[in-house]
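The values are calculated or read from the model by the stated rules, or taken from the named source; none is laboratory data. From a predicted model like this one, the values you see are computed outputs, not experimental measurements. Don't worry about glycine lacking a Cβ; one is built from the backbone with ideal geometry, like all the others, and counts go over all protein chains shown. Just so you know, the surface numbers come from the protein's heavy atoms only, side chains and all, with ligands and any DNA or RNA stripped out. Shrake-Rupley method; radii C 1.70, N 1.55, O 1.52, S 1.80 Å.
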Amino acid sequence: MLRRWQRDIFVKATCIPCTVTKRVPSKYMMPVSKAQHRILLSRSNELPVEVASVIFSELDQEDKVSCLKTSNIWRSRLLDCSSAWKTLSVIDNEGGAPLMAVAEQIGRHVKTLEVWTDWDPVRKICFDRMEQGCFNQINSLKMTADEGEFLQSFTAIPSRFWKTAHALQKLEFDLTESESEITIANILGSCPTVTELSYSITALQKLKFGDFSTMKPHTSLTSLKLKAHRITGEMIEPLLQQCPNLKRLIANECQPTVLNAVHKCCPNMQVLAYNAVSQVDQYLPTDEQTSGLRVLYANDHGTGRVPYESLMPLLYKSMDTLVNVFVFLPAMSENDRRYVYDNYPDFKLPKVERLSFWPLHGIQRFMLQAIQDTTTLRHLSVASVNDLDELTTALMNLRPLETFRLAHIHTRSHQESFVKLFERYAILSKTGVSLKSPTIRHCNEITDEVLLSMAKIETLRNIAFVRLRNITSGGLNAFFKALQGKPIFVRLGEMDFVTDDVVIGLAKVETLETIHLENLRNLTDRGLQGLIDNRSRSLSKLIIKECPMISRNGLEYAKGRVKISLTGE
């Protein structure tokens with residue numbers, strides 16, 4: 001904890017609004033004369049080294065550049081502070097040039113180097129400093145740019161890397177386009193200790209994999225992330241063969257033959273994301289000792305058309321180890337049905353905890369059979385359900401879900417199926433084990449009656465309703481009044497029946513910590529003000545997005561009375 005006089009010295013001596021000084025009372029930010037400034041600078045030596053290190057570590061990079069210009073004392077102490085330079089970001093010419101000027105002094109402290117600038121002179125200096133060995137302790141290097149010349153000055157990649165290669169563990173390249181002749185083989189050959197490699201090209205260009213025939217196996221690489229135009233199995237297979245210990249592969253814009261290559265060449269794979277369109281990292285396994293594929297995300301750019309012939313061999317091979325499964329397969333043709341049931345009649349997922357799929361014609365029954373005996377399933381996400389009665393009957397025979405995400409059901413004849421399911425969950429919730437997080441979007445089956453059956457579930461914590469057309473304002477009000485659980489999060493979106501009175505009614509849910517209101521055309525300042533004025537003490541965050549009837553004055557009213565985060569208008 002900094003003493004007041006220590007903060008006073010730092011704030012007045014540097015005269016910069018840093019992250020540390022934002023908490024300093026305004027009286028300490030008063031202007032000082034030149035004489036006072038000299039006195040304060042002379043007293044800066046009185047700050048203990050530990051205190052100065054804490055201050056420097058809290059500064060953002062712009063403030064560090066200002067400190068380097070403040071005085072010789074501050075400059076010397078900052079350059080010697082190892083904790084201040086663990087991460088070095090070369091972002092633009094204004095901040096990048098001064099930092100490269102002191103690279104010889106600070107380079108030994110840097111563990112993570114980020115080169116985000118597209119200003120070629122600064123970038124070239126940075127590469128030169130790498131070649132000279134200034135950054136010989138970095139274990140993580142990230143580079144990105146918006147132009148094709150990004151790696152033109154980096155063509156001689158082995159000579160640039162050789163003095164840092166012994167320490168490098170993480171490499172990340174993110175390019176708009178690349179005319180460079182650098183290949184994946186060049187990079188791995190130059191960096192034998194790299195464990196994580198990410199290479200992305202957003203332009204319609206093919207990734208240059210290079211020649212692996214003369215390379216020794218790269219046994220360090222365990223994580224690989226690739227994005228380029230039309231990656232095929234033929235292109236990626238030599239790379240996979242050279243990396244026998246690869247455990248994690250995230251590859252986008254791929255052809256289905258990539259799945260065949262993985263099945264053939266990756267015996268130690270634990271996480272595979274094929275054309276992932278959502279965040280995969282949150283579902284990564286934590287048990288590094290477990291062998292076998294544990295996370296599989298297979299999607300063909302959101303179309304749900306991954307061929308069965310490409311996916312099923314890998315899925316079947318890994319069925320006893322898979323924990324998280326996200327597969328988007330097409331509706332089964334008669335040929336697909338024969339192929340699947342003839343070749344994989346005993347397909348099961350005994351250890352699955354998270355399952356996401358589109359239960360289209362044919363595939364729904366096949367996947368429900370795969371989970372009918374599981375005791376581990378906790379999170380289920382389905383969209384475009386083919387047979388709602390079949391789905392709810394299967395769920396009635398399983399242990400209650402914790403998370404249930406349901407979307408795009410457009411019939412209105414089976415709502416009693418939901419009522420029965422939620423009534424069962426309500427009974428089981430008295431034991432403390434039942435549904436916690438329902439997310440329901442674009443579902444005509446959800447009615448006021450269904451909501452009332454859900455309200456009886458005592459374990460509800462996170463609730464999200466989006467674009468439900470067949471419930472009413474009265475039904476939603478009744479749901480919140482009847483809630484027997486203790487929800488901490490509610491999201492309401494794209495529903496015209498969400499009026500001011502409905503939102504004001506949310507204030508009566510005393511356990512709510514976060515309320516997310518999005519695209520509500522009939523919510524006005526009156527509803528927002530009523531929610532704020534009647535809020536519970538637990539409410540700490542309010543998110544408002546695209547609610548056109550909420551005025552700037554309404555937002556200011558909320559901001560001026562409570563510590564609430566408001567996003568959008």
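Could you go through the range 518-525 and let me know if any residue there is open to solvent by 10 Å² or more (accessible area, probe 1.4 Å), among the hydrophobic types (A, V, I, L, M, F, W, C) and within 18 Å of T439 (Cβ to Cβ). No: zero hits. When residues in the range 536-551 are screened for being within 20 Å of G493 (Cα to Cα) and within 31 Å of the chain's Cα centre (by Cα), 11 of them pass. Residues of the range 280-339 that are modelled with pLDDT of 90 or more, part of a loop (DSSP other than H, G, I, E, B) and among the charged types (D, E, K, R): R294, D320.
What do you reckon, is T214 out of contact with any strand residue (DSSP E or B) (no Cβ under 6 Å at 6 or more places or on another chain), at pLDDT 90 or above and part of a loop (DSSP other than H, G, I, E, B)? Considered against the rule, which asks whether it is out of contact with any strand residue (DSSP E or B) (no Cβ under 6 Å at 6 or more places or on another chain), at pLDDT 90 or above and part of a loop (DSSP other than H, G, I, E, B), T214 comes out as no. Being in contact with an Asp or Glu (Cβ under 8 Å, 6 or more places away or on another chain) and either surrounded by 20 or more Cβ atoms within 10 Å (Cβ to Cβ) or modelled with pLDDT under 95 (or both) is the filter here; which residues of the range 378-412 pass it? Those that are in contact with an Asp or Glu (Cβ under 8 Å, 6 or more places away or on another chain) and either surrounded by 20 or more Cβ atoms within 10 Å (Cβ to Cβ) or modelled with pLDDT under 95 (or both): L388, I409, T411, R412.
Among the residues making up the range 454-504, those that are under 17 Å from Y425 (Cβ atoms) and among the basic types (K, R) are K456, R461, K486. A count restricted to the range 493-508 and to residues that are open to solvent by less than 20 Å² (accessible area, probe 1.4 Å) and at positive phi stands at 0. When the range 108-137 is filtered for residues that are in a loop (DSSP other than H, G, I, E, B), open to solvent by less than 70 Å² (accessible area, probe 1.4 Å) and aromatic (F, W, Y), only F135 remains. With respect to the stated conditions, S417 fails to be among the polar types (S, T, N, Q), modelled with pLDDT of 95 or more, closer than 19 Å to V382 by Cβ and surrounded by fewer than 21 Cβ atoms within 10 Å (Cβ to Cβ). For L451, the conditions (1) surrounded by fewer than 20 Cβ atoms within 10 Å (Cβ to Cβ); (2) not in a loop (DSSP other than H, G, I, E, B) are fulfilled apart from (1). Being aliphatic (A, V, I, L, M) and closer than 25 Å to L435 by Cβ is the requirement here; does I544 meet it? Judged against the criteria, I544 is not a match. Looking at the range 52-107 only, could you name the residues that are under 22 Å from Q132 (Cα atoms), modelled with pLDDT under 80 and open to solvent by less than 40 Å² (accessible area, probe 1.4 Å)? Within the range 52-107, G95, G96 qualify.
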